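Read through the structure below, which is laid out as structure tokens, and then see the notes.
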Amino acid sequence: MAALRVLLVDDHEGTRKGMRELLSSRSDWSVCGEATDGIDAIEKARSLRPDVVLMDISMPRMDGLEATRNILEELPQCKVVVITQNDPSVARYQAVAAGAKAFVTKSQLS
């Protein structure tokens, strides 16, 4: 069975590095690319066709919620998991409304 292809999207390099290290411990998951904002995420999703996108919400140029809507419109088979440090009571609702399949706070990852 092929590894699950994951696109990491966060404007902080340290966060992407941490997620990449966490995912590298799993032989059944593969980081296929990284993006630094919503516009970059859409472009990378188009070209890389990931199975899963781990998406931050607060980013420059285009936030993760708008990027999620755009990606899912073009790639409905893709699953988006929102990972954020924003207020979970608000962000969870926003993430689900945008089409995300799951929501995780960054504090849950540490």
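Number of residues in region 55-107 that are assigned to a helix (DSSP H, G or I) and over 20 Å from residue 11 (Cβ atoms): the value is 8.
Pick out the one residue from 95, 100, 67 that is in contact with a strand residue (DSSP E or B) (Cβ under 8 Å, 6 or more places away or on another chain), surrounded by 18 or more Cβ atoms within 10 Å (Cβ to Cβ) and at pLDDT 95 or above. Please lay out each step first, then the result.
Working: 95 fails: at pLDDT 95 or above; 100 fails: at pLDDT 95 or above.
67 is the lone residue from the list that is in contact with a strand residue (DSSP E or B) (Cβ under 8 Å, 6 or more places away or on another chain), surrounded by 18 or more Cβ atoms within 10 Å (Cβ to Cβ) and at pLDDT 95 or above.
Cβ separations smaller than 9 Å between residues 6+ apart or across chains give the following pairs from region 57-77 residues that are farther than 8 Å from residue 38 by Cα to residues that are loosely packed, with under 13 Cβ neighbours inside 10 Å and modelled with pLDDT of 95 or more: 71/46; 74/46; 75/46. The residues of region 22-47 that are in a loop (DSSP other than H, G, I, E, B) and acidic (Asp, Glu), listed by number, are 28, 37. When region 1-19 is filtered for residues that are over 13 Å from residue 64 (Cβ atoms), assigned to a loop (DSSP other than H, G, I, E, B) and touching an Asp or Glu at 6+ places or on another chain (Cβ under 8 Å), the ones remaining, listed by number, are 1, 3.
The values are calculated or read from the model by the stated rules, or taken from the named source; none is laboratory data. Everything numeric here is computed off the predicted structure, so don't read it as measured data. FYI the Cβ positions are ideal-geometry reconstructions off the backbone, even for glycines, and counts take in every protein chain you see.
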